[in-house]
Amino acid sequence: MLSIFSPGCKDILDEEPRSIFEPGYFKTENGVNGGLTSMYAHLRYIYGQAYYYNTTLTGTDEVTYGQSADQNFKVMDLSGVGEVTPTDSRADVIWGASFYDINTASGVIENASAVGISDALIAEARFFRAFDYFLLVQTFGGVPLDLGSGELKFNITPTRSSVRNTVPEVYTKAIFPDLLLAINDLPQTGRVTGGATKTLARLYLAKAYLTYGWWLENPNNIPTYPEAPRTDPDGHNAQWYYQQAYDIAVAGIDNPGDYKLQPTYYDVNLAQNDRNDEIMLYADHTEDSEFYNGSSLTYANGGAPDNFAGWMMTWNYTDIRSAKDPSWGAVISSVQREASQPLGRPWTRMSPTIGAITNTFADKTLDARYDGTFTTVYRGNWPKGGDATPFVYNANNLQVMPGEPILTFLNEEPATPINYENTTYKSNIGAGVLPGRADFVISPRGISRIVYPGLWKLGPYRTDNAGGLGQPNAASTRPFNIAKFSELYFVAAEAAVKGASTQAGKSARELINVIRARAGKWRWDNNGNSERVEDNSAALTAATPATITINYILAERSREYYGEGYRWYDLIRTQKWNELASTYQIGGSNKGDHTPITVNRNIQPHHYLRPIPVDQINAMAMSEAEKKAYQNPGYN
């Protein structure tokens, strides 16, 4: 088999973990079923894996590195604190995990018919092979289709050489054919909870067509590798693929199967509503069993298959201090580490940019998505840690009861200047005070690399906290969402902007307005911790521009999917990375830093592809010249 380094649930399938499948295993029904199960399990080695998660966000307009970041995170920012290299790029995560899964899928595809496995089950393998190749080709450019036994063949022969196919070959030989067969043979309803379906395959085929259309068009002359003409082997142009993307996405919308949009944005990412009808694919975890969770239920070190991505944009809120007496002679940590969705384990490796807070989420009043994305209010929970103090003194020496706000990240810049002195009321995190307020406050432009709104949507959730702090040092036992039904609307809208002929009622604006209408509906004020039954959909849809642009779609995508790992792929697909993310603002790395600093990034054309991991290069028995030619330009 091609030398590939190793990548290191009960709610879906009975799972018997295997690190390798020997050839004869796939010639049995149990072997084929085991291979299929492993394809779902392999998702946990990619999604929820924080170092890969970092590569999808750090360096974009959404995210920069946080105060506690090491080089894994700093290099991805491209802001002069490190360079992306074959050694440091954490896109290595998907190289190993994806190729193992591709070979397993090929083993299932080749052997399943002989042991009486249905076309529907074979289609699941085809979906995952296409899924992995699509992820790889977007990330690295052309990748090998031959792992040692021929193109798209199950390989059992160790080989230490490799030849990369071109981007058009990967799409037209692997991704498109597999997904077309998957659409034909997969069921409308998944055979298991979270299983692959026709609608899921349609989403990925539509995304692949859309992405390949952009690649053919290449509006900003971004280089590809291996070098290949921007022509399609099947003779189609970019416009043909945009039309296909639109048609397939609309077919998914019109034939949803069991999928549907949730009634409010809050419901999409609410932990108690995990695995809801909008979520089409996820890397699953469970608190019911460490075996099926793939991780300890009490403590995690931060490595796959842990779901620890949510730690990265969680700052150390436990540093907040409130007083037991008005003189501040005795202070306590008034917001303690808790296994709950607004809190979780703090690592401070990544932080939102100021622009994400002030520009992307400019509307925080009508649009519910800011409230359904971030933790902006930190509430006192000290009794859960065993401290019986009935109340604490906080800003302005006002009393705060358990469950009330200790710290608030304001939605807007206040008319009255915030007093950040911390000389009398010592928050210990550099937060400020406003007259008459008991909570410490920080304004949108006052966030920094060390103190910022947390990412609520990825926060942990446990049912076994028993009124206490629970197990906040464990990895999240929630599923990590990968694909959502809502994205069909975005893919179709983007294809329409790129010139696809549209159907009645499904113009780009009408499609985007389905999403915006839902964004205007509230049933709960998340950070206000109170019921809020409100429908602002008419106002939001009326405010949608008459002419939809790619930049507007990208802004809407960021509002909808902020912090979920979409952004880098969106920016490289549309070749808007430089335009939208070459500069950003953030406060410094010290507590009390509230002055925005403008940071410039050095995004070069070769950065639109990640480097082939150094371990892959070193594992191949090839000449130095061949190894150099195998690597993406700019990384030798």
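The values are calculated or read from the model by the stated rules, or taken from the named source; none is laboratory data. Fair warning: this is a prediction, and the values are worked out from it, not measured in the lab. Neighbour counts run over all protein chains shown; Cβ positions are idealised from the backbone, glycine included. The area values use the complete protein model at the heavy-atom level, side chains included, leaving out ligands, DNA and RNA. Shrake-Rupley method; radii C 1.70, N 1.55, O 1.52, S 1.80 Å.
Key figures for this structure:
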read-out	value
Size of charge dipole - the chain - debye, nearest 20, with Cβ of Lys, Arg +1 and Asp, Glu -1, no other charges	860
Packing-based ranking, highest mean first, of 390-401, 417-428 given that Cβ atoms within 10 Å are counted	390-401, 417-428
Mean-position separation - Cα centroids, the stretch 197-227 and the stretch 166-195, in angstrom	14
Per-residue [θ]222 nm for the chain (sum of -39500 (n - 2.57) over DSSP H runs n ≥ 4, rounded to 500)	-9000 deg cm²/dmol
Interatomic Cα distance distribution for the chain, bins of 10 angstrom, percent	3, 16, 26, 27, 17, 8, 3, 0
Rounded if a/c under 1.5, otherwise prolate or oblate - the stretch 127-243, Cα gyration tensor axes	oblate
Virtual spin-label span in nm between T365 and I156, 7 Å along Cα→Cβ	6.8
Rounded, prolate or oblate (a/c below 1.5 giving rounded, otherwise prolate when a/b exceeds b/c) for the stretch 290-432 by Cα gyration tensor	oblate
Segment T298-A538, length gained on full extension (0.36 nm per residue, minus Cα span)	81.8 nm
For N165, residues with placed amide H under 5 Å, excluding near neighbours	V143, L145
Karplus (6.51, -1.76, 1.60) ³J(HN,Hα), θ = phi - 60°, over the stretch 608-624, in Hz, Gly and Pro reported as x	5, 10, 7, x, 5, x, 4, 5, 5, 4, 5, 6, 8, 8, 9, 5, 4
Solvent-accessible area per residue for the chain (1.4 angstrom probe, square angstrom)	35
Euclidean distance of C-alpha centroids, the stretch 442-511 and the stretch 335-392, integer Å	15
Relative contact order of the stretch 118-178, defined on C-alpha pairs under 8 angstrom at six or more residues apart (%)	40
Protection proxy ranking, peptides 623-629, 517-523, average beta carbon neighbours within 10 Å, highest first	517-523, 623-629
Rounded Å value of the spacing that divides the Cα centres of the stretch 236-275 and the stretch 513-582	15
Cα shape, the stretch 542-636, gyration tensor, a/c 1.5 rule	oblate
Fraction of accessible area attributable to carbon and sulfur, the chain (%, probe 1.4 Å)	49
Listed residues N218, I429, Y133: farthest to the positive end of the dipole of the chain (Cβ charges)	I429
